[in-house]
Amino acid sequence: MVGQAPPYHLAEEVANQAFNMVEKLIISISGVRGIVGENLTPSIAADYGSAFGTFLKKSHSGGKKKLSVCIGRDSRDSGQTLKSSVAGGLCGVGIDVVDLGLVTTPSVAIMVKELGCSGGVIITASHNPVQYNGIKLLLSNSIAPSPDKAERVKQYFIDKDFAYVDSTNCGKITSNEQADTNHIKRILSIVDKEVISAKKFKVALDSVNGAGGRITKKLLSELGCKVSAINDEPTGLFAHTPEPTRENVKELCDVVKTNRTDIGFAQDPDADRLAIVDEAGTYIGEEYTLVLAAKYIFDKKAGKAATNLSTSRMINDIVDKAGGKVIRTAVGEANVAQAMLENNCVIGGEGNGGVIDLRVSPVRDSLVGIALVLQLMAETGKSITQLVSEIGSYYMTKNKFNAESGQARKILDLAKKTFSDAKLDTTDGCRFDFNDGWLHLRTSNTEPVMRIMVEAKDQQAAQKYIDAVATICTKVLDHQ
Ligand code: MG
């Protein structure tokens, strides 16, 4: 299987360029991301806070109530500095700030609703290495801004067009330490605590010294689990490359085997993604996280699920069997969350281990994944190995290659001709569905590259599609 290259090459390249720092930050719909001290500095963070605050004020003009934003950070050392800077930028335009401290990304989403805030900010670079950090934005519905709204925030930021207030109208900063409690309460409301507790599950947990350790241990304790936790201190000193992929969670696999636990859970630093290790100590792959959660939901009732076009077909197998429907969206958490709200979906998420249950929040949440999977195990009495074998498997490969926008367009056009017999979805690049698999070709939102995902019933079937795309790419990229 071809490994996926880390998504931060562009940032590394541009960090070496000494001009026009603002332009070289990665600014996307979910916020900004950069290298601390190089292109992500306290002044940039303050400006971004002011830009977001200005956007909120202009969006809520006419309202009498003073606006507030809650803010949290993952465990990176740089988080404290950037959080203070963003908070200062927000207060400077007259927005009150509620400081949630060191919390998970989904905890912030829950507190936005709980506190009736107009927005939320999370200081996190998710699974990227420690030298990175980012500023992620949520609106009052706990979803990232839509592309047009994100563009307005970006414009205020680039133009330094800030609605600063005078000394009597600055925002105030208060602290709130209720995020863990509220988050756990929401999680416990979607599962049967007694049923899970009765099983006395042994659980291994790797929180990569991110924000997830403290709250996840509390949740597992509430669920009567005996926990073998590693890397559970929020030091921000990541014990391994933080993305919870197969090659990075070997220590967790060993803990599962040594301590004979029923399951192993691996989180990323802001705890919105979850990977699972079965009771034999085998990493089963992040694609199974959403599928197992969906299996629990759809074993009970039919309904709709939403996921992006690059996520495994396994979820269709589960949902189709229950008489439900899968809605496919463009890649990006906000797109999935929006589709879930519009279609009243009972579950959703992405194949990178991100599970969304709207009863908790519209944000990917590793704690939701943990709770639903434990409930599934408790109710069925089956092990993860058994559950995974019932679901079945496909061969999936992910890759990316350099392509400028003109080349990408030509590749997509040629692919449409080559795969004219397939069912085509052009919501985000081109997804071609065949009887024995599918192929998704799309351009990246942050880099001049194309991503290719192929899934088929076996490697041989997948190779047929990979080879066909390689032929198309050779034609386009070699004849410029
Ligand atoms: Mg994350």
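The values are calculated or read from the model by the stated rules, or taken from the named source; none is laboratory data. Bear in mind the structure is a predicted one, so any value in this text is a computation, not a measurement. FYI the Cβ positions are ideal-geometry reconstructions off the backbone, even for glycines, and counts take in every protein chain you see.
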Out of the residues in the stretch 256-277 meeting the condition of being charged (D, E, K, R) and away from the ligand (no atom under 16 Å from the Cβ), tell me which one is surrounded by the fewest Cβ atoms within 10 Å (Cβ to Cβ). 260
I need the full set of residues from the stretch 98-114 which are in contact with a strand residue (DSSP E or B) (Cβ under 6 Å, 6 or more places away or on another chain) and among the acidic types (Asp, Glu), in order please. 99
Here's a check for you: in the stretch 421-450, which residue that is crowded, with 21+ Cβ neighbours inside 10 Å and basic (Lys, Arg) is nearest to residue 409 (Cα to Cα)? 442
Residue check: is residue 280 farther than 28 Å from residue 107 by Cβ, modelled with pLDDT under 95, of a type in the set (A, V, I, L, M) and surrounded by fewer than 21 Cβ atoms within 10 Å (Cβ to Cβ)? no
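Filter the stretch 432-453 down to residues that are of a type in the set (Asp, Glu) and in a loop (DSSP other than H, G, I, E, B) and give me whichever is farthest from residue 333 (Cα to Cα).
So the residue we want is 436.
Does residue 372 satisfy being among the aliphatic types (A, V, I, L, M), at pLDDT 95 or above and surrounded by fewer than 18 Cβ atoms within 10 Å (Cβ to Cβ)?
In short, no.
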Restricting attention to the stretch 80-125, the residues that are within 16 Å of the ligand (Cβ to nearest atom) and surrounded by fewer than 24 Cβ atoms within 10 Å (Cβ to Cβ) number exactly 1
Residues satisfying the stated conditions in the stretch 179-198, i.e. in a loop (DSSP other than H, G, I, E, B) and surrounded by fewer than 17 Cβ atoms within 10 Å (Cβ to Cβ): 189, 190, 192
Considering only the stretch 414-431, how many residues are part of a helix (DSSP H, G or I) and under 11 Å from residue 441 (Cα atoms)? 2
Restricting to the stretch 403-413, give me the number of residues that are surrounded by fewer than 15 Cβ atoms within 10 Å (Cβ to Cβ), under 28 Å from the mean Cα position of the chain (by Cα) and not in a loop (DSSP other than H, G, I, E, B). 2
